[in-house]
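The values are calculated or read from the model by the stated rules, or taken from the named source; none is laboratory data. All figures in this text were calculated on a predicted structure; none of them were measured in a lab. Glycine gets a Cβ as well: all are built from the backbone with ideal geometry, and neighbour counts include every protein chain shown. Calculation scope for accessible area: heavy atoms of the full protein, side chains included, ligands and nucleic acids excluded. Shrake-Rupley method; radii C 1.70, N 1.55, O 1.52, S 1.80 Å.
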Amino acid sequence: MAYLQLNGVCKGYGSGHNRVEVLHDINLSIYEGEFVAIVGFSGAGKTTLMSLIAGLQAPDSGWIKLRGEAIREPSPDRAIVFQNYSLLPWMTVEGNIRLAVDQVHPDWTSIQKRDHVERFVAMVNLTHARHKRPRELSGGMRQRVSVARALAMDPRILLLDEPLSALDALTRATLQDEIERIWAESRKTVVLITNDVDEGILLADRIIPLSAGPRATLGPEVRVDIERPRDRKALNHDPRFKQLRKAVTGYLLDSNRRGRTSLSRKLVLPDVEPEDLNKPRSAMGGRKSALRKSEIREESIEVRS
Amino acid sequence: MTALIQTCEHFGLEWFIPFLRLIKGDEPNEQWRQIFSDIGVPILSFLLFLAAWSWTADHVKVSFGSVPGPGAVWKQAGALWQEYKDDRAARAAFETKQAQRMREFLAAHPGEKWRVRKYSGPPTYVDQIFTSLETVFAGFLIASIIAVPLGILCGLSRIVNNAMSPFIQLFKPVSPLAWLPIVMIMVSALYNPPDPMFEKSFISSAFTVALCSLWPALINTSLGVSQVDNDYLNVARVLRLGWRKKVFHIVIPSALPLIFTGLRLSLAVGWMVLIAAEMLAQNPGLGKFVWDMFQNGSSDTLAQIMVAVFTIGIIGFLLDRVMMVLQRAVSYDKEGVR
């Protein structure tokens, strides 16, 4: 019996002719304690999929069940780490986590709550910064707070929505290691959404590609049978790694080419040259009329069918 | 020293920082340049203004003599201050005399009651300033108590917002001069206690101020609340925060900078409206002072009114500064407040 199950889930935006179906017929089963990565292009609908699992949005058709219960609304059961951290800027690191703990464990004494908060602050190595506000933290530190807040909710399932995509490569590598360590310690069920195939292979038990949108759907799963702990350096030379990567990337690129026609059309642009902003402007105005260059340009646009 | 610089920044005294840096010895040339541009230029422009004013004053004749120049206005300011000091002295003399009389009376007629007499001198200019400040704060308080909660409701609920919208559109542009007669009639009808704590004119002025200064706070609060970042609301949804917790932990802190912007604008509007309200309601503040001076038409009149104009301007400026400091104190985005 799957822990988290999605069956025939569709989701679109708009109505009538303007309706765009973002996700089409999503079927997914995730088992307890598993680390699953969903990999897809930017704009494919990954975040929509995550919102559906989190319960922030409802599917148009199909159903989502966690432990056999249908998901209708958001809940701390399904803690989500947002791409843009979503920390409350007027609260300290501790305050942000405390808000979650207060809500999930209302019957605890304040000492219990404090210890709980401290434990998770320590887990993401932020004890030295616990009284700081988010604006005083770097991107990587903010995302750690966000992870600590999610874990402190003691969720049944942890949803990571492109948690590392806004970070620089070095910080990202550090946090990937940290996420793996935390997962190994807590043995939570984790769904990671990412656009980085390597990240998926490094962290997940299974990788499921999400085809390019619109009407994105899940592709065939790829099982990552590389033993843990996985070493980033060694991985690069591992033939299995190359194989996996080829499989996932191949599917994604294919899905991107398929179902897409392009046509080009001549566009007549206004006869105006853009101003060169690198040139200093004089304070009193300078050139009044726009620069012109009589020329017809060709530009191609792509129309997805 | 660095702490002192930060304090200056916090209280909006940026102009003072170059002096501190100069004492500290940070790049003296840069500091002098900054002092000239931040302080020198405003002083120069003000001097220019004074010169233009003096010149105009000498060349324009009005019905009761000439227009007072800066010197005459400054002299009147001094005269008003002297009047205040004299009044204080007279009041003190009156009090000592009364205390002495009371002792003599009680010694002569033990057991009888002494009737305390109040000092009956007219209010001085300084007293009038304080009356004005009390009135504007009373009005501002009423306005805030109504506007902020109502604004929060408007921002949270589309329905409330739509329900309030016609009133906001309709009453926002109404001048205080139009409200005042209505308020005065209502106050006369409804406020008739046997032993009134407040003057009717005070209440009328305060309510007029409230009616006019309500709107900026209301609009900004509702804007701030409706613009709360969706991410924060998603956090609230995932945590399943209750309504009260959502409002107090997420919505209000997030909207606080805009709420305070609204309150700051409200206080500014209130102060502006107050003068007109006091003029008509005869509340003994700066507005009444200006009106009385206008009515009595002596040769000093115009100079005294100009003193009042400068007082009103300076106090308005100070009120704005106070609100700005408060706004910074409560905002999580300190740099955003100017």
Is chain B best put as rounded, prolate or oblate by its Cα gyration tensor, with a ≥ b ≥ c the root eigenvalues, rounded for a/c under 1.5, and otherwise prolate when a/b is larger than b/c, oblate when not? oblate
When the charge dipole of the range A:1-154 is computed with +1 on Lys and Arg Cβ and -1 on Asp and Glu Cβ about the Cα centre, the Cα farthest towards its positive end, among A:ILE38, A:GLY12, A:ASN125, belongs to A:ASN125
Quick one: what are the phi-derived ³J(HN,Hα) couplings along the range A:95-103, Karplus 6.51/-1.76/1.60 with θ = phi - 60°, whole Hz, x for glycine and proline? x, 4, 6, 4, 4, 5, 5, 4, 6
Per residue accessible area in Å² of the range B:68-108, where ligands, DNA and RNA are left out and the probe is 1.4 Å: 70
So how exposed is B:TRP291, as accessible area in Å² (1.4 Å probe, rounded to 10)? 90
Peptide ranges B:85-93, B:252-260, A:130-138 listed from the most packed, as the mean C-beta count within 10 angstrom indicates: B:252-260, A:130-138, B:85-93
For the range B:1-119, what class follows from the C-alpha gyration tensor (a ≥ b ≥ c being the square roots of its eigenvalues): rounded when a/c is under 1.5, otherwise prolate if a/b is larger than b/c, else oblate? oblate
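Using a 1.4 Å probe on the protein chains only, how many percent of the accessible area of the range B:51-131 belongs to carbon and sulfur?
61
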For the range B:1-59 versus the range A:3-64, the gap between their alpha-carbon centres in whole angstrom: 60
Separation of the B:LYS172 and B:TRP32 label points, Cα + 7 Å toward Cβ, nm: 5.1
Relative contact order as a percentage, the range B:244-319, C-alpha pairs under 8 Å and 6+ apart, gives 20
Tell me, what is a quarter of the convex hull surface for the C-alpha atoms of the protein assembly as shown, in nm² with one decimal? 47.8
Could you work out the mean count of beta carbons from other protein chains within 10 Å of each residue's beta carbon in B:10-18? 0
Threshold 10 Å², the range B:232-281 residues less accessible with all protein chains present than alone (1.4 Å probe): B:TYR232, B:ASN234, B:VAL235, B:ARG237, B:VAL238, B:LEU239, B:ARG240, B:LEU241, B:LYS245, B:HIS249, B:ILE250, B:PRO253
Could you work out how far the C-alpha centroid of the range B:81-132 sits from that of the range A:82-144, in angstrom? 62
Around B:LEU156, with a cut-off of 15 angstrom between Cβ atoms, what is the net charge of the other residues, counting Lys and Arg +1 and Asp and Glu -1? +4
Check cross-link reach from A:LYS233 to the aspartates and glutamates: straight Cα distance under 14 Å, and skip same-chain residues fewer than eight apart. A:ASP177, A:ASP198, A:GLU199
Over the whole of A:130-139, what's the average partner chain Cβ count within 10 Å per residue? Rounded to a whole number, please. 1
Amide H contacts of A:GLN57 (H built 1.01 Å from N, under 5 Å, at least 5 apart or other chain): A:LEU52
Total accessible area lost when A and B pair, probe 1.4 Å, Å² to nearest 100: 1900
Going residue by residue through the range A:107-115, the Karplus relation 6.51 cos²θ - 1.76 cosθ + 1.60 with θ = phi - 60° gives ³J(HN,Hα) values, rounded to whole Hz and with x marking Gly or Pro, of 8, 6, 6, 5, 5, 4, 5, 4, 4
Starting with the highest mean, order B:19-28, B:277-286, A:242-251, B:103-112 by the number of other Cβ atoms within 10 Å, averaged over the residues of each peptide. B:277-286, A:242-251, B:19-28, B:103-112
Here the convex hull volume per residue of the range B:58-215, taken over Cα atoms and given in Å³, is 231
So what does B:MET272 come to for accessible area, using a 1.4 Å probe and Å² rounded to 10? 150
Rank these by accessible area, largest first, 1.4 Å probe: B:SER120, B:SER331. B:SER120, B:SER331
Quick shape summary for the range B:68-108, equivalent ellipsoid via Cα gyration tensor, semi-axes whole Å in descending order, reads 39, 5, 4
Each residue of the range A:174-191 in turn: what ³J(HN,Hα) in whole Hz from Karplus with 6.51, -1.76, 1.60 and θ = phi - 60°, glycine and Pro shown as x? 4, 6, 4, 4, 5, 5, 5, 4, 5, 5, 5, 6, 9, 6, 7, 7, 10, 10
Order by protection proxy (mean Cβ within 10 Å, highest first), peptides B:146-159, A:33-46: A:33-46, B:146-159
Using Cα pairs closer than 8 Å and at least 6 residues apart in sequence, work out the relative contact order for chain B, in percent. 20
Average partner coverage of A:86-92, which counts Cβ from other chains inside 10 Å: 6
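Averaged per residue, what accessible area in Å² does the range B:4-61 show with a 1.4 Å probe, protein chains only? Walk me through the intermediate numbers first.
On the way: 4180 Å² over 58 residues.
With all protein chains present, the range B:4-61 gives 72 Å² per residue.
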Taking only protein heavy atoms and a 1.4 Å probe, what accessible area per residue, in Å², does the range A:1-159 have with all protein chains in place? 42
Report the Cα centroid-to-centroid distance between the range A:159-228 and the range B:189-212 in angstrom, as an integer. 67
Divide by every residue of chain B the summed helix terms, -39500 (n - 2.57) for each DSSP H run of at least 4, and state the resulting mean residue ellipticity at 222 nm, rounded to the nearest 500 deg cm²/dmol. -25500 deg cm²/dmol
